[in-house]
Amino acid sequence: MAGLYIHIPFCKTRCLYCDFFSTTQFERIDSYVDKLIEEIHLRKNSTHQAIQTIYIGGGTPSLLKPTHIERILEAIGIEHMDEITMEINPGDANKTYLQALYQAGIQRLSIGIQSFQDELLKTIGRRHNAQQAIQTIHSAQEVGFKNISIDLIYALPTQTMEQWKADVEMAVQLGIQHISSYGLIYEEGTPLTHLLEQGAIEPIDEDMENEMYDYLCERLQQAGFEHYEVSNFALPGYKAIHNSNYWNGTPYIGIGAGAHSYYKRIADDDTQYIRSSNPDDLDAYMACNLQQDTWREEEILTPIDRYNEYIMLALRTNQGISLDHIAQQLNLIGQSHHYPHTRNQIQKYIDNHLLQTHNNRIIATQKGLHILNQIIEALMMD
């Protein structure tokens, strides 16, 4: 199986914390969709595996008309899909629009709520308000969507623990099936980081951020959600299939400006693992001759790259890493002598209650999740 990601880079305004590629050139939406469809026809079968998941992300995909979405899905062909997800912004999606998406074949919504507190939404430059967020969820449920995910952000400037608890509780009470939640990151070059550097805002301290994360994990697990990835929680049967495939190494094709892909290629009886990226500039992407192979940047992953990606991605999930798999991979790349050192590092983290064994696999403890990036970096190879 394989996945297909469609990137829609258009936004009405740029959120203050966002460093993703986006543009406000709405007059180019029609021609951009034409280009997407051209790329879909050329590349959708390039993994030589059946496409089983589709994810339309952005940017703000809900700026597209339903007819645009229909054309995109028709170009792909959606008869045997396991999951078709589309990101929407609460300020763009009324009930009529949601009904059209449902009829077009969208099965799952990912709604960029971020917070149910109006003052916090203003702080981070979101266009919608709390009431619009709640109404969008209700409208989606009323038109028939039974698989709804929302995004929530914690550690926002001025955010209190009481506000965060209220946001988490609202999410639980709204009857949604999936929650993705991230601590705010001050990305270089964003307006929010500029305000931080000017002293106009102050970050939440690390202890408060960890407390917010721990509360999120505890409350959602009480409500029946499985904490299946460091930032993702799902009711039984509602894990994000497309995103899970990223974490388990399933091939995917990224369509559109700024999209990334991962796939295998057989060359002279040698299997190459490729990461490629499309131009992250709208003019450059629109000018590409898609019939040529030179318009995408490609990177052939080394065996060590693949080993490090396994550590980085698998440890983020509740499946963790397998010591047997690590030993096999190290042997394949001629680094079997490195295994005792890796095993000793893992044992040190187990002794410090940062990692634990579960069903013969190594997973992070709640305490370990607080410093997961440090643990991953220590276990990766140079």
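Considering only alpha-carbon pairs that sit under 8 angstrom and 6 or more positions apart, the relative contact order computed for the range 15-153 is 24 percent. Reachable lysines from Lys264, Cα under 22 Å, same-chain residues fewer than 8 places away excluded? Partners found: Lys44. Of all segments of the chain bounded by trypsin sites (Lys or Arg not before Pro) found in a DSSP loop with no more than 13 other C-beta atoms within 10 Å, the longest spans 147-382. For Gly183, the residues whose amide H sits under 5 Å from its own are Tyr154, ignoring neighbours fewer than 5 places away on the same chain, with H placed 1.01 Å from N. Working from label points 7 Å from Cα in the Cα-to-Cβ sense, the Gln131 to Gln366 distance is 3.8 nm. Tell me, rounded to the nearest percent, the portion of alpha carbon pairs in the range 79-140 spaced more than 12 Å apart. Roughly 66 percent, rounded to a whole number.
With runs of 4+ DSSP H residues as the only contributors, calculate the mean residue ellipticity of the chain at 222 nm using -39,500 (n - 2.57) per run, divided by the residue total and rounded to the nearest 500. Numbers along the way, then the final one.
Details: 15 runs with 154 residues, N = 382.
Computed mean residue ellipticity for the chain: -12000 deg cm²/dmol.
Shape class of the range 145-291 from the Cα gyration tensor (axes a ≥ b ≥ c, square roots of the eigenvalues): oblate, since a/c reaches 1.5 or more and a/b does not exceed b/c. Distance between the pseudo-spin-label points of Glu27 and Asp118 (7 Å out from Cα toward the beta carbon): 3.5 nm.
List the relative contact order of the chain as a percent without decimals, with contacts defined as Cα pairs under 8 Å and 6+ residues apart. Mind showing how you got there, number by number?
Details: 641 pairs, mean separation 57.6, N = 382.
In percent, rounded to a whole number, it is 15.
Answer rounded, prolate or oblate for the range 303-382, using the Cα gyration tensor with square roots of eigenvalues a ≥ b ≥ c: rounded when a/c is under 1.5, else prolate when a/b is larger than b/c, else oblate.
Values: a/c = 1.68, a/b = 1.57, b/c = 1.07.
It comes out prolate by the Cα gyration axes.
Straight-distance candidates among the lysines for linking to Lys146, with alpha-carbon spacing under 18 Å and chain neighbours fewer than 8 residues away dropped: Lys95, Lys239. For the chain, the fraction of C-alpha pairs farther apart than 26 angstrom is 57 percent.
With the simple model of a label 7 Å out from the Cα in the direction of the Cβ, Ala223 to Ile333 spans 3.9 nm.
Rule-based calculations on the coordinates, nothing more; no lab input. None of the values given here were measured: they were computed from a predicted structure. Please note: Cβ atoms are built from the backbone with ideal geometry, for glycine as well, and neighbour counts cover all protein chains shown.
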